[in-house]
Amino acid sequence: MKLSIDENRCKGCNLCTKVCPYKIFREGKKLNRKGVAIPELDRPERCTNCRLRNLYGRQLCGVCQLTCPDQAIHWVEEEPYEPHKVAIEY
Amino acid sequence: MSYDEWFREDRLPHIYCAGCGNGTIINCTLAAVDQMGWKKEDTVFVSGIGCSSRAPGYILTDSLHTTHGRALAFATGVKMAKPAFNVVVFTGDGDMAAIGGNHFIHACRRNIDMTVVCMNNQIYGMTGGQGSPTTPRGCLSSTTPFGCAEPPFDLCELATAAGANYVARWTSYHVKELEKAVKVGLETPGFSFIEVLVQCPTAFGRRNKFRQVMDHVEFLKSHSLLKAKRDRMLDNHEHVPEDMFVVGELTKRNRPAIGVKP
Ligand SMILES: Cc1ncc(C[n+]2csc(CCOP(=O)(O)OP(=O)(O)O)c2C)c(N)n1
Ligand code: SF4
Ligand code: SF4
Ligand code: SF4
Ligand SMILES: [Mg+2]
C-alpha cells in the first residue's frame, strides 16, 4: 500500500502535518494549478497502514485520513516491483 | 477506505473553507455508520440550514436538507412514518440551539430513536459570523463586537436534562474517540446526541486570535477535560478551570424511547 493525496480535493489546510505520529506529511511549498500547496510526503513507507494493512487485513491508524476535512488522503495498491528508495533507520 | 463508498464522489470537493473541521466530522460519522452494516436504502441523513447542515448533500443515501432549525422536526416525521429506517441528523449550534431550540428539547424528551451530530463551531458560520447561543463569554462575533456578554448554553447538559438516552461530547481533534462515540450513539435506542466542538477558521477563528487553523485545534485539544478526570477533580474538591470543557461519554441510560426499530 502507498499513501496518496488527491490534488483535486486537498485545500492545503495542513492539518495532516500535525496529526501523523511519524510526521509523514510536511507542509508543501510549491503551489499546484489550483493555487494550493499540497503537503509533501516524507518517507511515506513508514506509515503503519502502508506497512501492515495487507498483513492484518484491516485499516490501521488512519488518523490522517479521518482528520483530513477534504477526504483527500487515500491508500492505493502498489504496482508490482515498484522501485523504492532504500532508507536505513538507525 | 471502506466509508468512502458513503460519499457522493461527484460532489467532492465540498464547499467548506480550507481547514474547516466539518469535513472531519463527516468522516468520523460515516466511519461509524459504515460499521453498522446498514443498507443505504434504509438510512436517511437529515439536516437544517448552515454550513454544518450541508453535510447530507455529500452523502450517497437519501437525505433531507430542510428549513433552518427544523432538522429534528423532519427527522421525527421520518421516524414516525418509517420506524425501520436509520435516521442520522447533522446540525449546527445555531440551527439546533437557537432557532431549533424547542425542537431539540422536545426530541430529547420524546427520546426518539435517532442520532444527532451537532457541529458546534460556536458561531453562525454560513451567514458571516453572528454570535450563537454557544458563543463563549468574551468571544468576538459580528453581533458581539465587544465580546459576548451572555453565558452560553451547555448543549450536553441541556440534552441530558431534557431526557436524551445517550450524550457525548468530543472535538474535531479527537477523531478516533468521536468515531467510537457516534457508533455507540447509533447503537443506543432512543435519542443520541453527540456534540462536536469544531474549528471554523473563517467566521470564528479569524476574529478570535486563532490565525492558523491549527491554533484553534490545539486550543480544543488542550482545553478538553476527560470526564473521568473532571469527576476525580470534583471528588478531591479541586478547582476545575472555567475555560475547560468536559469531553467523553456524559450520559448513557435507558429511558423509554419511541420510534425504536420493530
Ligand atoms: C428561518 C431562517 N432564519 C435565518 C436564516 C439565515 N441563516 C442561515 S444559516 C444560519 C445560521 C447557521 O448557524 P449554524 O447552525 O451554527 O451553522 P454553521 O454555519 O455555523 O455550521 C442562519 C441564521 C435562514 N436560512 N432561515
Ligand atoms: S489535511 Fe487533507 S486537505 Fe488538509 S493539507 Fe492534508 S491532505 Fe490537504
Ligand atoms: S495512517 Fe497514521 S501513520 Fe499512516 S500516514 Fe496516516 S497518520 Fe501517519
Ligand atoms: S464559514 Fe466556518 S463553518 Fe462555514 S465552511 Fe467556512 S470554516 Fe466551515
Ligand atoms: Mg455554527
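The values are calculated or read from the model by the stated rules, or taken from the named source; none is laboratory data. This structure is a prediction, so every number in the text was calculated from the model and none was measured. Cβ coordinates were reconstructed from backbone atoms using ideal geometry, including for glycine residues, and neighbour counts include every protein chain displayed. Protein only, heavy atoms only, side chains kept; ligands, DNA and RNA dropped before computing areas. Shrake-Rupley method; radii C 1.70, N 1.55, O 1.52, S 1.80 Å.
Count of segment B:87-109 residues, restricted to those that are of a type outside the set (S, T, N, Q), surrounded by fewer than 21 Cβ atoms within 10 Å (Cβ to Cβ) and more than 16 Å from ligand 4 (Cβ to nearest atom), is 5.
The set of residues in segment B:23-45 that are in a helix (DSSP H, G or I) and either open to solvent by 10 Å² or more (accessible area, probe 1.4 Å) or within 7 Å of chain A (Cβ to nearest Cβ) (or both) comprises B:G23, B:T24, B:N27, B:C28, B:A31, B:D34, B:K40, B:E41, B:D42. The single condition among (1) assigned to a helix (DSSP H, G or I); (2) more than 9 Å from ligand 1 (Cβ to nearest atom) that B:P83 does not meet is (1). Of all the listed residues (B:E177, B:E218, B:E157), the sole one being modelled with pLDDT of 95 or more, open to solvent by 30 Å² or more (accessible area, probe 1.4 Å) and more than 14 Å from every other protein chain (Cβ to nearest Cβ) is B:E157. Residues in segment B:132-154 that are of a type outside the set (G, A, S), open to solvent by less than 20 Å² (accessible area, probe 1.4 Å) and in contact with a Phe, Trp or Tyr (Cβ under 7 Å, 6 or more places away or on another chain): B:T134 alone. Only a single item in (1) within 12 Å of chain A (Cβ to nearest Cβ); (2) of a type in the set (F, W, Y); (3) part of a helix (DSSP H, G or I) is not met by B:F74, and it is number (1). Look at B:P133 and say whether it is more than 14 Å from every other protein chain (Cβ to nearest Cβ), touching a residue at least 24 places away in the same chain (Cβ under 8 Å) and assigned to a loop (DSSP other than H, G, I, E, B). For B:P133, the condition - more than 14 Å from every other protein chain (Cβ to nearest Cβ), touching a residue at least 24 places away in the same chain (Cβ under 8 Å) and assigned to a loop (DSSP other than H, G, I, E, B) - is met.
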